[in-house]
């Protein structure tokens, strides 16, 4: 829903408002509303179907308008409460709420940056320990090699 602009919201409301007393529209009536532009009509009908405001009856094909559209009670109620246009305008007037969310995101960002810094220092300390252990291991290997050479020299000169 949030990807609709105000014009599209008004089109959807007009389409919902076009349902008459029998609460249905034929394929031809829908095409008349959209100036025979079946692609635009199909896109708007898909939105109404996705929102579960109408149901379709009889189908021409996967990407074509159905023979008849039937307005659900939910669709009538939705339109009487302002429809898509009201939903769009309400969404436009929520910067205060976004600001509150922005502050929370900034706090979370600070916490994550602090955590990152502490983990980076821990990684640095662990790398230092690994380096020290490798040096000790190298010293022990050298000592072992020297002691082996000393033992061999003692055995050979006896």
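Each reported figure results from applying straightforward, stated rules to the coordinates on display, with no laboratory input. Note that the structure is a prediction, hence the values are computed from the model and not measured. Glycine gets a Cβ as well: all are built from the backbone with ideal geometry, and neighbour counts include every protein chain shown.
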Subject >> Sites residue 26 and residue 81, calculated FRET efficiency, Cβ-Cβ separation with R0 25 Å, nearest 0.05 >> reply: 0.40
**OP:** Averaged over every viewing direction, what's the projected area of the C-alpha convex hull for the stretch 6-93? Give it in nm², one decimal, please.
**Re:** 5.4
Subject >> Rounded to 10°, Cα long-axis angle of helix 95-156 versus longest principal axis of the chain >> reply: 20
**OP:** Could you let me know the centre-to-centre spacing of the stretch 97-158 and the stretch 7-32, using Cα atoms, in angstrom?
**Re:** 69
Subject >> Correct choice for Rg/Rh (Cα atoms, Kirkwood Rh) that was computed from the model, options [x] 1.64; [y] 1.11; [z] 0.97 >> reply: [x]
Original post:
Under a point spin-label approximation (7 Å from Cα along Cα-to-Cβ), what is the residue 107-residue 92 distance to one decimal in nm?
Top reply: 3.2
